[in-house]
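For reference, the structure discussed in these notes is given below.
The values are calculated or read from the model by the stated rules, or taken from the named source; none is laboratory data. Source: prediction; values computed, not measured. With ideal geometry, Cβ positions are generated from the backbone for all residues, glycine too; neighbour counts draw on all protein chains shown. Calculation scope for accessible area: heavy atoms of the full protein, side chains included, ligands and nucleic acids excluded. Shrake-Rupley method; radii C 1.70, N 1.55, O 1.52, S 1.80 Å.
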Amino acid sequence: MAYFQSKPVAGRHFLQIPGPTNVPDKVLRALDNPTMDHRGPDFGLLGQRVLEKVKAVFKTTQPVVIYPASGTGAWEAALVNTLSPGDAVLMCETGQFAFLWREMAERLGLKPEFIATDWRRAADVPAIEARLRADAGHAIKAVCVVHNETSTGCTSRIDEVRAAMDAAGHPALLLVDTISSLGSIDYRHDEWGVDVTIAGSQKGLMLPPGLSFNAVGPRALKAAETARLPRSFWDWRPMIAANATGYFPYTPATNMLYALDTALDLLLAEGLENVFARHDRHAEATRRAVRAWGLEVQCAEPRHFSSALTAVRLPEGHSANALRATILERFNMSLGNGLGRLNDRVFRIGHLGDFSDLALMGTLSGVEMGLRLAGVPHQAGGVQAAMDFLSGNA
């Protein structure tokens, strides 16, 4: 019996939340290596190898800083290394995680300005451009965008955000959260002119929680020279200096770096473009199933559909939490809950990371059976619609 199961259940647990995701066996075996001397010569070689390989996933030639922390830590690192008390930052309310990032900015003494949305689409690019054009004095020091909003299943177009910033002629830094998109959805730190990219280990990188990342561009490094928010643990400067020889200024998460080394090998062996195509395919199959059930996807704009997860709205008067409980009890499958204002209104199907066609079909079968058992009004045939698409017979 697995430790997280309250009673004996045959078969594997289906972990279909949008993260943490399932960890491949090869990555689990890498975690199981003996702990290494993090000041010894072998660790320096491991550190150099990982720090160089991880750049390919961000699509950058710039430094990538790795912290023993959750993605929330990487949020804080991005802010405190680039900004000063009282600085204005422009954010877009794409969902719960954008909301939480704003709360952090306020606690740090920044002045976030929030562009509201209905939580059914991605960042409002025209509104960002209009606000930057109106900021003639350049009081806004950074634009903060969540690339893939895990609470809603909406993906923002970062290339368009950068184009809008350039069109406005505004010098603000661009900070982007890719915690639920890196390694799952196409992302280009250098090409899109991102100044700081934020990421976490437990989603597309197929690791347990415990590592977070900042990919740092040259403008962000320049800003770090004069930024006045307090920083010690999060300071990029000692990290980047130590990383030059593969080491860290304090004790790193040694065994997680073993695992990251292996996970990067898996991603790069499959090929990032193939990884992205696989996620696109599974997302489309999932949306076809949702439409066949007669239900509605939370993301209302097709250009913003996420390839990492799908949030599904239930009809009024029906509890998404009760549906999730039924599915967990009967089929040993975990689905994501609704967050913030979407609590009990949606459930979320994670289809990212170490995930295959057969895993998706098992997931959708559990959802369809659960809809029936929970008495949620729907039409049969969602599983068949997804299967037709995946088999090329749609």
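Yes/no per residue for (1) open to solvent by less than 10 Å² (accessible area, probe 1.4 Å); (2) within 24 Å of I179 (Cα to Cα); (3) not in a helix (DSSP H, G or I):
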site: R291; (1), (2), (3): no, no, no
site: A311; (1), (2), (3): yes, yes, yes
site: G317; (1), (2), (3): no, no, yes
site: S334; (1), (2), (3): no, yes, yes
site: L358; (1), (2), (3): no, no, no
site: M361; (1), (2), (3): no, no, no
site: A380; (1), (2), (3): no, no, yes
Single condition T21 does not satisfy, out of (1) assigned to a loop (DSSP other than H, G, I, E, B); (2) open to solvent by 90 Å² or more (accessible area, probe 1.4 Å); (3) not aliphatic (A, V, I, L, M): (2)
Complete set of residues in the stretch 94-114 that are open to solvent by less than 30 Å² (accessible area, probe 1.4 Å), farther than 20 Å from V194 by Cα and among the hydrophobic types (A, V, I, L, M, F, W, C): M104, L110
Extreme residue, surrounded by the fewest Cβ atoms within 10 Å (Cβ to Cβ), among residues of the stretch 300-309 that are in a loop (DSSP other than H, G, I, E, B) and out of contact with any Ser or Thr (no Cβ under 8 Å at 6 or more places or on another chain): E301
Residues of the stretch 255-307 classified as under 28 Å from F347 (Cα atoms) and hydroxyl-bearing (S, T, Y), total: 3
Residue that is surrounded by the most Cβ atoms within 10 Å (Cβ to Cβ), among those in the stretch 237-258 that are assigned to a loop (DSSP other than H, G, I, E, B) and of a type in the set (F, W, Y): F248
Scope the stretch 336-356; condition of a type outside the set (G, A, S) and outside any loop (DSSP other than H, G, I, E, B); matching residues: N337, R341, L342, V346, F347, R348, I349
Of all residues making up the stretch 365-378, the number that are farther than 12 Å from A292 by Cα, under 27 Å from the mean Cα position of the chain (by Cα) and open to solvent by 10 Å² or more (accessible area, probe 1.4 Å): 1
Which listed residue is surrounded by 15 or more Cβ atoms within 10 Å (Cβ to Cβ), within 24 Å of G47 (Cβ to Cβ) and more than 18 Å from the chain's Cα centre (by Cα), from L272, L295, L323, L266: L266
Qualifying position, being surrounded by fewer than 22 Cβ atoms within 10 Å (Cβ to Cβ) and touching a helix residue (DSSP H, G or I) at 6+ places or on another chain (Cβ under 6 Å), among M36, M91: M36
